[in-house]
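The values are calculated or read from the model by the stated rules, or taken from the named source; none is laboratory data. Predicted model, so just to flag it, every value in this text is computed and none were measured. Cβ placement follows ideal geometry from the backbone for every residue including glycine, while neighbour counts extend to all protein chains displayed.
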Amino acid sequence: MEPFPQKVKKIVDLMGLRGVVTDVDEETKKVSITADEEDWFTKLVPDFVKDFKYIVNILARKENQGLYFVDVNNYRKERERLILELAKAAAQKAITIKGEVRLPAMNAYERRLVHMELSMRPDVKTESIGEGHDRGVVVKPL
């Protein structure tokens, strides 16, 4: 039977992406894909990350591997950096205007990043509000 990392690499190879490098780290449960593609691919990366993560985690569950983190062309890493910057800016704005600042809708992981980033600040508090896909974070001054 083929090892899990080889199966993931085989799936990526079958996609026919150019200049692709696939790294599967079983210890940290991370799959990193770097592809040298044109602009059309860059526009599809957010959906591709979500869909490929779904496929990888179905395969991982089937083999009792646990859940994997998937990143393509550092999209997730860059997205996390932007979310953290947004959280800091929202906190500063909430303090400046002495009022609530509502951030755009985010998934649970991104909301958690905001809550964790601002949890150490004694001058603001955060709260998740909304339902489903409209759920976001509100930053409030204390």
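Listed here are the residues, each with its yes/no results for (1) assigned by TED's automatic domain parsing to the domain that holds MET106; (2) among the small types (Gly, Ala, Ser); (3) surrounded by 14 or more Cβ atoms within 10 Å (Cβ to Cβ); (4) more than 23 Å from MET106 (Cβ to Cβ).
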| residue | (1), (2), (3), (4) |
| --- | --- |
| LYS9 | no, no, yes, yes |
| ASP13 | no, no, no, yes |
| VAL20 | no, no, yes, yes |
| LYS29 | no, no, yes, no |
| GLU38 | no, no, no, yes |
| PHE41 | no, no, yes, yes |
| ILE58 | no, no, no, yes |
| GLU63 | no, no, no, yes |
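Mind checking whether some residue in the stretch 118-131 is under 28 Å from LEU44 (Cα atoms), among the charged types (D, E, K, R) and in contact (Cβ under 8 Å) with a residue 24 or more places away in the chain?
Within the stretch 118-131, none of the residues are under 28 Å from LEU44 (Cα atoms), among the charged types (D, E, K, R) and in contact (Cβ under 8 Å) with a residue 24 or more places away in the chain.
When you scan the stretch 1-98 for helices (runs of 4 or more DSSP H) that lie fully inside it, which ones turn up with 3 or more residues that are in contact (Cβ under 8 Å) with a residue 24 or more places away in the chain, out of contact with any Gly (no Cβ under 9 Å at 6 or more places or on another chain) and under 30 Å from PRO141 (Cα atoms)?
75-97
Which numbered condition in (1) at pLDDT below 90; (2) on the phi > 0 side of the Ramachandran plot is the only one that LYS29 fails?
Single failed check for LYS29: (1).
Scan (1) surrounded by fewer than 18 Cβ atoms within 10 Å (Cβ to Cβ); (2) at pLDDT 95 or above; (3) within 30 Å of ASP25 (Cβ to Cβ) for the single condition ILE83 breaks and write down its number.
(1)
Out of all the residues in the stretch 107-131, which are touching a strand residue (DSSP E or B) at 6+ places or on another chain (Cβ under 8 Å) and of a type in the set (S, T, N, Q)?
SER119, THR126, SER128
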